[in-house]
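The values are calculated or read from the model by the stated rules, or taken from the named source; none is laboratory data. Model, not experiment: these values are computed from the prediction. Glycine gets a Cβ as well: all are built from the backbone with ideal geometry, and neighbour counts include every protein chain shown. Only protein heavy atoms, including side chains, enter the accessible area calculation; ligands, DNA and RNA are left aside. Shrake-Rupley method; radii C 1.70, N 1.55, O 1.52, S 1.80 Å.
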Amino acid sequence: MLAGMGLFTFSYAEGLSYFSADPRACVNCHIMRDEYDNWQRYSHHAAATCVDCHLPQALVPKLVAKAENGYHHSKGFTLQDFHEPIQIKAKNSQILQDNCLRCHRDMVEMLVRGSTTDSDAVRCVHCHASVGHGPLQ
C-alpha cells in the first residue's frame, strides 16, 4: 500500500519531469510560474535554462542538488511551510554564483579581480537580480 501511494504521488507530481533539463518542469508547482514566465522574456532565455543556473554542472553534485531540492520542495509544498515569495537558500545561492562565474569568468575577473572568491564577496545577483527572471516585484 505504501509503495502504491508513493507511485501515485510520484506520478501525480510528474516526478519523471524532474529528471530532465526542461524548464517546464520548474512550473509543475504553481509558485514558480512568474519566474518561468519572466525567464522566457528576459536576457538569459536564449542562453541558459533553469538547470544551467541553479544546479551544479558535474553529474554527481547535480543529482545530489536535485534530490535535496526535490525533498525540500516536496516537503514545503505538502506541508505548506515555505516562504512566499520563494527565496533561494545559501547553498543554492552559492551554486548560482558559481554558475554566473562559470559563464562570465573572463569578464568578471577583468572588472573585479579577486573579489568573487572572498568570503564576503558581493554576489553577482546583488546588482544583476533581474537578469534571469526579470525585474523584481
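When peptides 99-107, 8-16 are sorted by average Cβ neighbour count within 10 Å, with the highest value leading, the order is 99-107, 8-16. Spacing of the modelled spin labels on D34 and R123, each 7 Å from Cα toward Cβ, amounts to 1.7 nm. Along the range 31-45 the Karplus relation, 6.51 cos²θ - 1.76 cosθ + 1.60 evaluated at θ = phi - 60°, assigns HN-Hα couplings of 5, 9, 4, 4, 5, 5, 4, 5, 4, 5, 9, 10, 3, 7, 3 Hz to successive residues, with x for each Gly and Pro. Between Q87, Q40, Q97, the GNM of the chain built on Cα springs shorter than 10 angstrom shows Q87 fluctuating the most. Take every pair of alpha-carbon atoms less than 8 Å apart whose residues are at least six positions apart; their mean separation over the length of the chain yields a relative contact order of 29 percent. Secondary-structure-derived ellipticity at 222 nm for the chain, considering helices only, amounts to -16500 deg cm²/dmol, per-run term -39500 (n - 2.57) for DSSP H runs with n ≥ 4. Solvent-accessible surface of the range 6-59, averaged per residue with a 1.4 angstrom probe and all protein chains in place: 67 square angstrom. Using the Cβ-Cβ distance between V131 and T78 with R0 set to 30 Å, the FRET efficiency from 1/(1 + (r/R0)^6) comes to roughly 0.45. Report in % the part of the accessible area of the chain that belongs to carbon and sulfur, leaving out ligands and nucleic acids; probe 1.4 Å. Using a 1.4 Å probe with all protein chains present, the chain comes out at 62 percent carbon and sulfur. Compared with the alpha-carbon gap, the fully stretched path from K89 to S20 is longer by 22.6 nm at 0.36 nm per residue. Less than 14 Å from a label point 7 Å out along the Cα-to-Cβ axis of C103: which backbone N atoms in the range 23-63 qualify, by residue? What the label zone holds, given the 14 Å backbone N cut-off, is 23, 39-57. Taking all pairs of distinct Cα atoms, average 1/r, flip it, and tell me the Kirkwood hydrodynamic radius of the chain in Å to one decimal place. It is 16.5 Å.
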